[in-house]
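Comments concern the structure below.
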Amino acid sequence: MSLTLGISTVSAAQDDINGAAKDTGANVKDMSSAWEFVGNWGYRISGSMYSFILRPSYFMQSADGGGYKYELSGYTIFPMMRIYALENYFIKFFFQTGVGYGQLNGSITAPSQTLDFKGGAFGAMGGIGVDFCFTDAHCLTVEGNLRYLPIERNLTTGGSCTNGSIPGISQCGGGSEVERNGSDLKTTMSGLQGLIGYTMNF
(Lines give C-alpha, C1' and ligand atoms only; values in the text may rest on other atoms or scores of the structure.)
Protein backbone atom coordinates (compact mmCIF):
# COMPACT_ATOMS: atom_id res chain seq x y z
CA MET A 1 0.00 0.00 0.00
CA SER A 2 1.01 3.63 -0.38
CA LEU A 3 -0.01 7.12 0.72
CA THR A 4 0.65 10.28 -1.32
CA LEU A 5 0.32 13.96 -0.46
CA GLY A 6 0.75 16.50 -3.23
CA ILE A 7 0.02 19.93 -4.64
CA SER A 8 -0.98 20.73 -8.20
CA THR A 9 -2.12 23.42 -10.57
CA VAL A 10 -5.09 22.95 -12.90
CA SER A 11 -5.70 25.02 -16.04
CA ALA A 12 -9.40 25.46 -15.22
CA ALA A 13 -10.45 28.53 -17.23
CA GLN A 14 -13.79 29.74 -15.84
CA ASP A 15 -15.15 31.30 -19.04
CA ASP A 16 -18.63 32.15 -17.71
CA ILE A 17 -17.35 33.73 -14.51
CA ASN A 18 -14.67 35.62 -16.44
CA GLY A 19 -17.37 36.92 -18.77
CA ALA A 20 -19.59 37.97 -15.87
CA ALA A 21 -16.63 39.78 -14.29
CA LYS A 22 -15.99 41.67 -17.53
CA ASP A 23 -19.65 42.75 -17.59
CA THR A 24 -19.08 44.67 -14.35
CA GLY A 25 -16.57 46.99 -16.02
CA ALA A 26 -14.22 46.44 -13.06
CA ASN A 27 -10.60 45.45 -13.49
CA VAL A 28 -10.93 41.79 -12.43
CA LYS A 29 -8.25 39.35 -13.52
CA ASP A 30 -9.39 36.22 -15.35
CA MET A 31 -9.63 32.92 -13.51
CA SER A 32 -7.18 30.93 -15.62
CA SER A 33 -5.72 28.35 -13.23
CA ALA A 34 -6.47 26.82 -9.84
CA TRP A 35 -4.59 25.25 -6.96
CA GLU A 36 -5.42 21.76 -5.81
CA PHE A 37 -4.25 19.75 -2.81
CA VAL A 38 -4.23 16.01 -3.48
CA GLY A 39 -4.13 12.85 -1.40
CA ASN A 40 -3.81 9.25 -2.63
CA TRP A 41 -4.37 5.89 -1.05
CA GLY A 42 -2.98 3.15 -3.26
CA TYR A 43 -3.00 -0.62 -3.27
CA ARG A 44 -0.77 -2.51 -5.66
CA ILE A 45 -1.62 -6.08 -6.52
CA SER A 46 1.32 -8.21 -5.39
CA GLY A 47 3.55 -9.38 -8.23
CA SER A 48 1.66 -7.38 -10.88
CA MET A 49 1.94 -4.07 -12.71
CA TYR A 50 -1.55 -2.94 -11.58
CA SER A 51 -2.47 -0.63 -8.72
CA PHE A 52 -5.79 0.76 -7.50
CA ILE A 53 -5.85 4.40 -6.37
CA LEU A 54 -8.42 6.37 -4.39
CA ARG A 55 -7.74 10.09 -4.87
CA PRO A 56 -9.56 12.87 -2.97
CA SER A 57 -8.55 16.48 -3.63
CA TYR A 58 -9.38 20.01 -2.54
CA PHE A 59 -9.74 22.65 -5.30
CA MET A 60 -9.54 26.45 -4.91
CA GLN A 61 -9.53 29.40 -7.30
CA SER A 62 -10.22 33.13 -6.96
CA ALA A 63 -10.02 36.52 -8.65
CA ASP A 64 -10.82 40.04 -7.49
CA GLY A 65 -10.63 43.70 -8.41
CA GLY A 66 -12.65 46.92 -8.39
CA GLY A 67 -14.72 45.94 -5.36
CA TYR A 68 -15.68 42.52 -6.79
CA LYS A 69 -14.43 39.15 -5.61
CA TYR A 70 -15.05 35.74 -7.21
CA GLU A 71 -14.14 32.57 -5.29
CA LEU A 72 -14.47 28.85 -5.99
CA SER A 73 -13.62 25.97 -3.70
CA GLY A 74 -14.58 22.34 -3.74
CA TYR A 75 -13.49 18.74 -3.83
CA THR A 76 -13.10 15.78 -6.14
CA ILE A 77 -12.92 12.07 -5.43
CA PHE A 78 -11.57 9.76 -8.13
CA PRO A 79 -11.08 5.99 -7.98
CA MET A 80 -8.40 5.17 -10.56
CA MET A 81 -6.42 2.30 -12.01
CA ARG A 82 -2.67 2.71 -12.44
CA ILE A 83 -0.39 0.61 -14.66
CA TYR A 84 3.35 0.61 -14.00
CA ALA A 85 4.73 0.26 -17.52
CA LEU A 86 8.46 0.60 -16.78
CA GLU A 87 10.27 0.44 -13.47
CA ASN A 88 13.52 -0.28 -11.72
CA TYR A 89 14.84 0.26 -8.21
CA PHE A 90 14.79 4.07 -8.66
CA ILE A 91 12.23 5.06 -11.32
CA LYS A 92 8.66 3.78 -11.69
CA PHE A 93 6.86 5.10 -14.80
CA PHE A 94 3.07 4.73 -14.88
CA PHE A 95 -0.16 5.43 -16.73
CA GLN A 96 -3.43 6.04 -14.87
CA THR A 97 -7.09 6.65 -15.58
CA GLY A 98 -10.34 6.87 -13.64
CA VAL A 99 -13.81 8.31 -13.27
CA GLY A 100 -15.10 10.32 -10.33
CA TYR A 101 -17.16 13.18 -8.95
CA GLY A 102 -16.47 16.83 -8.21
CA GLN A 103 -18.36 19.60 -6.44
CA LEU A 104 -17.66 23.34 -6.48
CA ASN A 105 -18.95 25.96 -4.05
CA GLY A 106 -18.79 29.50 -5.39
CA SER A 107 -19.27 33.00 -4.09
CA ILE A 108 -19.48 36.43 -5.71
CA THR A 109 -19.03 39.54 -3.61
CA ALA A 110 -20.12 42.80 -5.24
CA PRO A 111 -20.06 46.29 -3.68
CA SER A 112 -23.63 45.93 -2.37
CA GLN A 113 -24.68 42.31 -3.07
CA THR A 114 -23.44 38.79 -2.45
CA LEU A 115 -24.17 35.43 -4.06
CA ASP A 116 -23.35 31.90 -2.91
CA PHE A 117 -23.89 28.93 -5.23
CA LYS A 118 -22.82 25.35 -5.84
CA GLY A 119 -22.81 22.67 -8.50
CA GLY A 120 -21.46 19.19 -9.06
CA ALA A 121 -20.88 16.65 -11.82
CA PHE A 122 -19.22 13.37 -12.73
CA GLY A 123 -16.11 13.33 -14.89
CA ALA A 124 -13.04 11.43 -16.00
CA MET A 125 -9.29 11.87 -15.93
CA GLY A 126 -6.15 10.20 -17.18
CA GLY A 127 -2.45 10.85 -17.38
CA ILE A 128 1.10 9.74 -16.89
CA GLY A 129 3.57 10.02 -14.05
CA VAL A 130 6.75 8.82 -12.47
CA ASP A 131 7.89 7.92 -8.96
CA PHE A 132 11.51 8.70 -8.13
CA CYS A 133 12.17 6.39 -5.19
CA PHE A 134 15.17 7.26 -3.01
CA THR A 135 14.45 4.24 -0.79
CA ASP A 136 11.87 1.46 -0.98
CA ALA A 137 9.56 3.54 1.23
CA HIS A 138 10.12 7.15 0.15
CA CYS A 139 9.40 8.53 -3.34
CA LEU A 140 8.97 11.84 -5.15
CA THR A 141 5.92 11.68 -7.43
CA VAL A 142 5.49 13.83 -10.55
CA GLU A 143 2.36 13.62 -12.71
CA GLY A 144 0.69 15.19 -15.71
CA ASN A 145 -3.05 14.58 -16.08
CA LEU A 146 -5.97 15.71 -18.20
CA ARG A 147 -9.31 15.98 -16.39
CA TYR A 148 -12.75 16.44 -17.94
CA LEU A 149 -15.18 17.72 -15.31
CA PRO A 150 -17.50 20.53 -16.52
CA ILE A 151 -20.29 21.67 -14.19
CA GLU A 152 -23.15 22.79 -16.41
CA ARG A 153 -25.60 23.97 -13.71
CA ASN A 154 -25.21 25.88 -10.45
CA LEU A 155 -27.86 26.61 -7.83
CA THR A 156 -28.12 29.57 -5.47
CA THR A 157 -27.37 28.58 -1.88
CA GLY A 158 -27.28 31.98 -0.16
CA GLY A 159 -26.44 35.64 -0.30
CA SER A 160 -28.47 38.77 -0.99
CA CYS A 161 -28.47 38.59 -4.80
CA THR A 162 -31.70 39.17 -6.71
CA ASN A 163 -32.20 39.02 -10.46
CA GLY A 164 -29.99 41.61 -12.15
CA SER A 165 -28.57 43.03 -8.92
CA ILE A 166 -25.02 41.84 -9.71
CA PRO A 167 -23.72 42.89 -13.15
CA GLY A 168 -23.18 39.87 -15.37
CA ILE A 169 -25.64 37.68 -13.41
CA SER A 170 -29.15 37.68 -14.85
CA GLN A 171 -30.79 35.22 -12.43
CA CYS A 172 -30.01 34.34 -8.82
CA GLY A 173 -31.56 34.09 -5.36
CA GLY A 174 -34.17 31.93 -3.70
CA GLY A 175 -32.57 28.59 -4.55
CA SER A 176 -32.91 29.26 -8.28
CA GLU A 177 -30.42 28.35 -10.97
CA VAL A 178 -27.69 30.93 -11.40
CA GLU A 179 -27.74 32.34 -14.93
CA ARG A 180 -25.66 34.68 -17.07
CA ASN A 181 -27.36 36.32 -20.07
CA GLY A 182 -30.33 33.97 -19.71
CA SER A 183 -28.27 30.75 -19.76
CA ASP A 184 -27.00 28.57 -16.92
CA LEU A 185 -23.78 29.83 -15.35
CA LYS A 186 -21.20 27.11 -15.95
CA THR A 187 -18.14 26.34 -13.88
CA THR A 188 -15.47 23.73 -14.45
CA MET A 189 -12.82 21.59 -12.82
CA SER A 190 -11.53 20.48 -16.23
CA GLY A 191 -8.03 21.11 -17.45
CA LEU A 192 -4.43 20.04 -17.53
CA GLN A 193 -3.05 19.15 -14.11
CA GLY A 194 0.58 19.20 -13.11
CA LEU A 195 1.27 17.55 -9.75
CA ILE A 196 4.25 17.08 -7.47
CA GLY A 197 4.01 15.06 -4.27
CA TYR A 198 5.58 12.77 -1.70
CA THR A 199 4.71 9.08 -1.63
CA MET A 200 5.31 6.65 1.24
CA ASN A 201 5.15 2.94 0.49
CA PHE A 202 4.52 0.48 3.29
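State the percentage of accessible surface on segment 2-201 attributable to carbon and sulfur atoms; use a 1.4 Å probe and exclude ligands, DNA and RNA.
On the way: 5810 of 9460 Å².
Roughly 61 percent, rounded to a whole number.
Over segment 82-142, consider all pairs of different Cα atoms and compute the Kirkwood hydrodynamic radius from their mean reciprocal separation; express it in Å, one decimal.
On the way: mean 1/r = 0.0667 Å⁻¹.
That comes to 15.0 Å for segment 82-142.
Among the lysines in segment 2-201, how many pairs, 8 or more places apart or on different chains, have alpha carbons under 20 Å apart? Before the final figure, lay out each step's value.
Working: Lys22/Lys69; Lys22/Lys186; Lys29/Lys69; Lys29/Lys186; Lys69/Lys118; Lys69/Lys186; Lys118/Lys186.
Lysine pairs, 8 or more places apart or on different chains, close enough: 7.
Relative contact order of segment 49-196, please, whole-number percent, based on alpha carbon pairs below 8 angstrom and at least 6 residues apart. Display every interim value, and only then the final one.
Numbers: 400 pairs, mean separation 26.3, N = 148.
Across segment 49-196, relative contact order equals 18 percent.
Considering every pair of different Cα atoms, what Kirkwood radius, in Å, is found for the chain?
On the way: mean 1/r = 0.0554 Å⁻¹.
So the Kirkwood estimate lands at 18.1 Å.
Using square roots of five times the C-alpha gyration tensor eigenvalues, list the equivalent-ellipsoid semi-axes of segment 65-178 in whole Å, biggest first.
Details: eigenvalues 356, 46, 19 Å².
The answer is 42, 15, 10 Å, longest axis first.
How high is the FRET efficiency between Ser176 and Met60 when r is their beta carbon distance and R₀ equals 30 Å, given to the nearest 0.05? All intermediate terms of the calculation are to be shown ahead of the outcome.
Working: r = 25 Å, r/R0 = 0.85.
E(calc), rounded to 0.05, equals 0.75.
Taking only DSSP H segments of four or more residues, each worth -39500 (n - 2.57), what value at 222 nm results for the chain once the sum is divided by all its residues, to the nearest 500 deg cm²/dmol? Present the calculation step by step, with values, prior to reporting the outcome.
On the way: 1 runs with 9 residues, N = 202.
So the helix-based figure for the chain works out to -1500 deg cm²/dmol.
Which value, in Å to one decimal place, does the Kirkwood hydrodynamic radius take for segment 110-166 when every pair of different Cα atoms is included?
Working: mean 1/r = 0.0646 Å⁻¹.
Taking the inverse mean of 1/r over all distinct Cα pairs, segment 110-166 comes out at 15.5 Å.
Given 25 °C and 0.890 mPa s, compute D for segment 155-202 with the Stokes-Einstein relation, Rh being the Kirkwood radius over Cα pairs; round to the nearest whole µm²/s. Could the numbers behind the result be given before it?
Working: Rh = 13.4 Å.
For these conditions, the coefficient is 183 µm²/s.
Mind checking segment 73-127 for chymotrypsin sites (Phe, Trp or Tyr not before Pro) that DSSP puts in a loop (not H, G, I, E or B) and that have at most 13 other Cβ atoms within 10 Å?
Numbers: sites: Tyr75, Tyr84, Tyr89, Phe90, Phe93, Phe94, Phe95, Tyr101, Phe117, Phe122; in loops: Tyr89, Phe90.
Here the chymotrypsin sites (Phe, Trp or Tyr not before Pro) that fit, given the DSSP loop and packing criteria, are Tyr89, Phe90.
Give me the net charge for the shell around Arg82: Cβ to Cβ below 13 angstrom, other residues only, Lys and Arg +1, Asp and Glu -1.
On the way: positive: Arg44, Arg55, Lys92; negative: Glu87, Asp131, Glu143.
Here the count lands on 0.
Please state the charge dipole magnitude for the chain, taken about the Cα centre, from unit charges on C-beta atoms (+1 on K and R, -1 on D and E), reported in debye and rounded to the nearest 20.
On the way: 12 positive and 16 negative charges, 54 e Å.
The calculated dipole for the chain is roughly 260 debye.
The values are calculated or read from the model by the stated rules, or taken from the named source; none is laboratory data. Only a predicted model underlies this, so the values are computations on that prediction, with no experimental measurement involved. Backbone-built Cβ (ideal geometry, glycine too); neighbour counts: all protein chains shown. What goes into the accessible areas is simple: the full protein's heavy atoms, side chains included, and nothing from ligands, DNA or RNA. Shrake-Rupley method; radii C 1.70, N 1.55, O 1.52, S 1.80 Å.
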